[in-house]
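Everything below concerns the one structure shown next.
Each value in this text was obtained by applying a stated rule to the coordinates, not by laboratory testing. Treat the numbers as computed from the prediction; the structure is a model and nothing was measured. A quick note on method: Cβ atoms are made from the backbone with ideal geometry, for glycine too, and the neighbour counts reach across all protein chains shown.
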Amino acid sequence: FDLTQPMFCTYALGWDVQDYRGARLVWHGGAVLGFLTAVVLLPEKDVGFSIEINSEDGGIIRGLMYELLDHYLGLPRNNWPEKFIGYARSKMDEGLKKHQADAAKPEKVGPSLPVARYTGVYADPWYGNIEVGQANGKMTIDFKSTPRMSGALDHWQYDTFLTRFDDKTIEPAYVTFSLDADGKIDRITMKPVSPLADFSYDYQDLLFRPVKAEK
């Protein structure tokens with residue numbers, strides 16, 4: 001929305017700092033399962049407020065935030081909750097259509113290697129180790145440093161697999177194995193399945209390489 005686009009937007013010791021319609025805005029949001037919060041300050045107006053909702057609907061909390069900002073700044077009402085909820089629903093519809101289109105594509109080819117060739121321990125310099133294994137006839141993935149972040153690897157296409165973690169609150173991901181010129185696993189990369197995945201599921205920043213077994 002044009003009215004909510006800031007001229008500047010930065011981060012300062014845990015606070016989002018930006019302008020809103022000529023006023024300096026300092027705020028930060030937070031979330032846990034089933035709840036969203038926001039603490040909002042207008043320093044030049046000596047105004048501060050917080051919002052807590054028992055919902056994970058980001059459109060509602062952002063809409064309430066801008067509705068209150070307009071009130072304290074003496075600006076006309078814009079019915080921001082309705083606008084943000086409508087925007088969120090349109091993005092969800094776009095994501096659902098993309099997912100349905102991907103699922104409806106013709107049968108895919110692959111994988112390139114026997115299942116046993118994919119198994120092993122892989123490491124990312126920042127995250128640490130994951131283990132790709134086999135259980136009950138299926139490939140599995142286990143993030144060793146994150147409890148409950150494990151699940152089956154279902155073949156998607158070529159050397160890409162899809163994991164829906166056992167903990168369903170964790171965002172599903174595509175897991176892609178890349179081969180070197182000798183046909184050996186060179187690396188694993190990942191990305192979220194949903195285009196609407198929260199930015200904190202930054203799978204795309206991970207780069208796992210095989211860990212050589214100690215002799």
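Entry note, the chain: the mean residue ellipticity at 222 nm calculated from DSSP H runs of n ≥ 4, each adding -39500 (n - 2.57), is -6500 deg cm²/dmol after division by the residues and rounding to the nearest 500. Overall shape of the range 42-140 was characterised from the C-alpha gyration tensor. The equivalent ellipsoid obtained from it has semi-axes of 48, 22, 11 Å, in decreasing order.
Filter Lys144/Lys168; Lys108/Lys168; Lys144/Lys191; Lys168/Lys191; Lys98/Lys184 down to the pairs with a C-alpha to C-alpha distance above 21 Å, please. Result: Lys108/Lys168; Lys98/Lys184 exceed 21 Å.
GNM, the chain, Cα, under 10 Å: largest mean-square fluctuation among Val193, Val47, Val132? Judging by the Gaussian network model, the answer is Val47. Along its three principal directions, the equivalent ellipsoid of the chain from the Cα gyration tensor extends over semi-axes of 44, 20, 15 Å, largest first. Angle, helix 58-72 long axis vs. longest principal axis of the chain, Cα atoms, 0 to 90°, nearest 10? Result, in degrees: 20. Springs between Cα atoms under 10 Å define the GNM used for the chain, and in it the highest mean-square fluctuation of Ile188, Ile60, Ile51 occurs at Ile51.
Per-residue packing, averaged as other Cβ atoms within 10 Å, sorts the ranges 196-205, 159-168 into the order 159-168, 196-205, beginning with the highest. Based on alpha-carbon atoms, the Kirkwood radius and the radius of gyration of the range 115-210 give Rg/Rh equal to 0.93.
Before anything else, pin down the relative contact order of the range 2-103: Cα pairs under 8 Å, at least 6 apart, normalised by residue count, whole percent.
14 percent
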